[in-house]
Amino acid sequence: MRYRILATGVTLGLVALVAVQARQTRTGDSTAVMALTAMDYIQIKQLVNRYAFALDTASRNGYDYADLFSRDGVFDSNTRGRVQGRDQLAALARGDKKGPLYVNHYIMNHLIEPTADGAVGRQYLINISHDQNIPSVGPNPNQWDLVGQKRGSLDTVGGHYEDVYTKTPEGWRFRSRRFVPSKSGPDPASATMLKTYPVRPDPTDTMPTVPGGLSAMDYIEIERLVASYGHALDSGYGTTDNGAAYAGLYTADATFGQSTGYAQLAALGREQPQGPQYVRHYLTNHVIEPFAGQAIGKQYLVVVDMPEPEARAKGIPGSIFLGGHYEDVYQKTPDGWRIRTRRLFRAQAQ
Amino acid sequence: MKNPKTNVSKAVVATLLIGIGAAPLVRAQQKVTGGSLSAADYIEIQQLVARYSYAVDTHADNGYAYADLFTTDGTFGNTKGREALAELARTTQKDRGGPAYTRHFLTNVIIYPTPEGARGSQYLMALDVSEGGKPSSIVHGGRYDDVYVKTPAGWRFKSRQLYPAKIGVPPPTAKLPPSTRR
């Protein structure tokens, strides 16, 4: 009897193993990779989202930036060369120091591939400079009248990062990070895509690992709440009232800037230029932290006035209208996560 | 093929023209009834969306890396099927792809469960990123609306549609500057 149970167990195990290998063969190499959980992906994304804040503000004298790297971590780029060591990395960040309200590095398209001893990843980078002296628009300007004002520009720096991540006792860190400037070329054959693997299910997907912490689903829902911000404001989610869609992202007693409560927030939303196909508010680098049983977060904003199809056909480019960062408090309600308070800090160099 | 504009496939142009008239067709964000996604599902779909930019910009695997992000009957706009999608990827920014080419910047990624799988949207910022010191520029932008399905090989795009940025009708008191309509 015991043998039969054992044999059944072994058989089931083999079947499961074969199934896993079959799937890996389809998606990537069958060599053993470290299966990552949703929380691993989230923490690696959070590491990258902290990068821009740490570099642009040089907070803690550059050591917030340095401490994103493992002890032997390396940053490498065409302009800076190879930088290794905590003090050297902190000095690199200080060299870029533009003050606590400076925003410049907009990072998107984060791809992650598990490896045998950690993970590798890539993202796109575009650097955007926001004008310091913005022409006065007078009190209560009609927001529609301001569309198209140019108040910033793309830098000549853009391209992608190539990273190696390692999981340390303190969390995920960069073992190496390399910036590669964008380059168009006739050599598509040499492009290799990162591989995909199934994400490993884990109890922490829905349950925080520490009391007062956030589960993977909490992070995912807060990410989506903030990612919805532009959609709600600019197009109303396909509804005809962007004010209601916008105010619906907040708790009933929430505050954004000078506006408090549903009615004021809805009115604020309705003042903004909008349309079913309108896109204007681009948010990225979203940092999320558990805080006193709820959550806080911050992210970069760039408001872009895109050329419409007719203008694009004439080769007219889009323009940068506004940039800065938001700082938020999120609250979990019976209907899901909502914004409790939000403040916009316009980009400023020190 | 000397004028980059002609590189855009006719299918894409057709898609854009259709998109302009058909604004809020289906929006992922509206109240969804039924369906649920695990944390792993959300992450896998996020990764699918991130792969899109690399596949289209690098032209990896001669466009098939792009095509294989879709189901076998998957559509981007009016382009349907593996061969047509690979061709689309190869001819988008023809002669400009490559392993380090970055053009399609996506953010505001939202994903919602549906009874059949999932839907989602993102914002696109298509940039001409500086090469050799030339200024970078914003070429165009818009919103992708997607339908995803989970296949035995993982999550795939069942359909993907780009709606180019287009401002709505201003209230009577506002006077839109000529710069936006151009």
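Can you spot a residue in the stretch A:309-323 that is among the polar types (S, T, N, Q) and more than 8 Å from chain B (Cβ to nearest Cβ)?
First pass over the stretch A:309-323, keeping only residues among the polar types (S, T, N, Q): A:319.
Narrowing the set further to residues that are more than 8 Å from chain B (Cβ to nearest Cβ) leaves none.
There is no residue in the stretch A:309-323 that is among the polar types (S, T, N, Q) and more than 8 Å from chain B (Cβ to nearest Cβ).
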Note to self: Can you tell me which of (1) under 23 Å from the mean Cα position of the chain (by Cα); (2) within 7 Å of chain B (Cβ to nearest Cβ) is the one A:Thr192 doesn't meet?
What the structure shows: (1)
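Scanning the stretch A:264-280 for residues that are over 21 Å from B:Val139 (Cα atoms) and touching a residue at least 40 places away in the same chain (Cβ under 8 Å), which turns out farthest from the chain's Cα centre (by Cα)?
The initial filter retains those residues of the stretch A:264-280 that are over 21 Å from B:Val139 (Cα atoms), namely A:264-272.
Right, trim to touching a residue at least 40 places away in the same chain (Cβ under 8 Å) and you get A:271-272.
On the way: A:Glu271: 27, A:Gln272: 24 Å.
It comes out as A:Glu271.
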Checklist line | Odd one out for B:Leu124 among (1) over 13 Å from the mean Cα position of the chain (by Cα); (2) under 26 Å from A:Pro181 (Cβ atoms) | finding: (1)
Notebook entry, point to check: Can A:Tyr102 be described as within 14 Å of chain B (Cβ to nearest Cβ) and buried (at least 18 other Cβ atoms within 10 Å of the Cβ)?
Noted result: no
Check: For the stretch B:91-105, how many residues are more than 21 Å from B:Tyr123 (Cβ to Cβ) and either under 15 Å from the mean Cα position of the chain (by Cα) or polar (S, T, N, Q) (or both)?
Finding: 1
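Kindly indicate whether B:Tyr101 is facing another protein chain (nearest Cβ under 9 Å), within 30 Å of A:Thr239 (Cβ to Cβ) and at pLDDT 90 or above.
Values: facing another protein chain (nearest Cβ under 9 Å): yes; within 30 Å of A:Thr239 (Cβ to Cβ): no; at pLDDT 90 or above: yes.
It is false that B:Tyr101 is facing another protein chain (nearest Cβ under 9 Å), within 30 Å of A:Thr239 (Cβ to Cβ) and at pLDDT 90 or above.
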Margin query: When you scan the stretch A:69-89, do you find a residue that is at pLDDT below 95, under 24 Å from B:Ala153 (Cα atoms) and among the charged types (D, E, K, R), even just one?
Written below: no
Notebook entry, point to check: Looking at the stretch A:90-116, which of its residues are over 22 Å from the mean Cα position of the chain (by Cα) and of a type in the set (A, V, I, L, M, F, W, C)?
Noted result: A:Ala90, A:Ala91, A:Leu92, A:Ala116
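Every residue, every condition in (1) touching a Cys at 6+ places or on another chain (Cβ under 9 Å); (2) within 14 Å of chain B (Cβ to nearest Cβ); (3) not small (Gly, Ala, Ser), yes or no:
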| site | (1), (2), (3) |
| --- | --- |
| A:Phe256 | no, no, yes |
| A:Gly261 | no, no, no |
| A:Pro273 | no, yes, yes |
| A:Gln277 | no, yes, yes |
| A:Tyr282 | no, yes, yes |
| A:Val303 | no, yes, yes |
Next item on the list: Please work out if A:Ala244 is touching a Leu at 6+ places or on another chain (Cβ under 6 Å) and either in a loop (DSSP other than H, G, I, E, B) or at negative phi (or both).
Entry: no
Margin query: It is to be established whether one or more residues within the stretch B:77-84 are at the interface with another protein chain (Cβ under 9 Å from one of its Cβ atoms) and either of a type in the set (Val, Ile, Thr) or assigned to a helix (DSSP H, G or I) (or both).
Written below: no
Check: Restricting to the stretch B:109-153, what's the tally of residues that are at the interface with chain A (Cβ under 7 Å from one of its Cβ atoms) and among the hydroxyl-bearing types (Ser, Thr, Tyr)?
Finding: 5
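Within the stretch A:124-134, identify whether any single residue is surrounded by 14 or more Cβ atoms within 10 Å (Cβ to Cβ), of a type in the set (A, V, I, L, M, F, W, C) and either without any contact (Cβ under 8 Å) to a residue 40 or more places away in the chain or in contact with a helix residue (DSSP H, G or I) (Cβ under 7 Å, 6 or more places away or on another chain) (or both), and answer yes or no. Let's see the steps before the verdict.
Looking only at the stretch A:124-134, we keep the residues that are surrounded by 14 or more Cβ atoms within 10 Å (Cβ to Cβ), and these are A:124-131.
Still in the running and of a type in the set (A, V, I, L, M, F, W, C): A:125-126, A:128.
Those left that are additionally either without any contact (Cβ under 8 Å) to a residue 40 or more places away in the chain or in contact with a helix residue (DSSP H, G or I) (Cβ under 7 Å, 6 or more places away or on another chain) (or both): A:126.
There is at least one residue in the stretch A:124-134 that is surrounded by 14 or more Cβ atoms within 10 Å (Cβ to Cβ), of a type in the set (A, V, I, L, M, F, W, C) and either without any contact (Cβ under 8 Å) to a residue 40 or more places away in the chain or in contact with a helix residue (DSSP H, G or I) (Cβ under 7 Å, 6 or more places away or on another chain) (or both).
Table: residues versus (1) surrounded by fewer than 19 Cβ atoms within 10 Å (Cβ to Cβ); (2) out of contact with any strand residue (DSSP E or B) (no Cβ under 8 Å at 6 or more places or on another chain); (3) more than 28 Å from A:Ala116 (Cβ to Cβ); (4) without any contact (Cβ under 8 Å) to a residue 24 or more places away in the chain.
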| residue | (1), (2), (3), (4) |
| --- | --- |
| A:Ala35 | yes, no, no, no |
| A:Ile42 | no, yes, no, no |
| A:Asn49 | no, no, no, no |
| A:Asp64 | yes, yes, yes, no |
| A:Gly73 | no, no, no, no |
| A:Arg82 | yes, no, no, yes |
| A:Asp96 | yes, yes, yes, no |
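In the stretch A:276-316, how many residues are in a loop (DSSP other than H, G, I, E, B), touching a helix residue (DSSP H, G or I) at 6+ places or on another chain (Cβ under 9 Å) and at negative phi?
At the first step, the residues of the stretch A:276-316 found to be in a loop (DSSP other than H, G, I, E, B) are A:276, A:278-280, A:292-293, A:306-308, A:314-316.
Right, trim to touching a helix residue (DSSP H, G or I) at 6+ places or on another chain (Cβ under 9 Å) and you get A:276, A:278-280, A:306-308, A:315-316.
After this cut, where a residue has to be at negative phi as well, the list is A:276, A:278-280, A:306-308, A:316.
Number of matching residues: 8.
Which count do you get for residues in the stretch A:178-196 that are part of a loop (DSSP other than H, G, I, E, B), β-branched (Val, Ile, Thr) and surrounded by fewer than 19 Cβ atoms within 10 Å (Cβ to Cβ)?
As a first pass, look at the stretch A:178-196 and keep what is part of a loop (DSSP other than H, G, I, E, B): A:182-187, A:191-196.
Still in the running and β-branched (Val, Ile, Thr): A:192, A:196.
Okay, now just the ones that are also surrounded by fewer than 19 Cβ atoms within 10 Å (Cβ to Cβ), so A:192.
The qualifying residues number 1.
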Notebook entry, point to check: Restricting attention to the stretch A:29-49, does a residue exist that is over 28 Å from the mean Cα position of the chain (by Cα), within 14 Å of chain B (Cβ to nearest Cβ) and at pLDDT below 50?
Noted result: no
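The values are calculated or read from the model by the stated rules, or taken from the named source; none is laboratory data. Everything numeric in this text was worked out from a predicted model, so none of it was measured. Every residue, glycine as well, gets a Cβ built from its backbone with ideal geometry; the counts of neighbours run over all protein chains shown.
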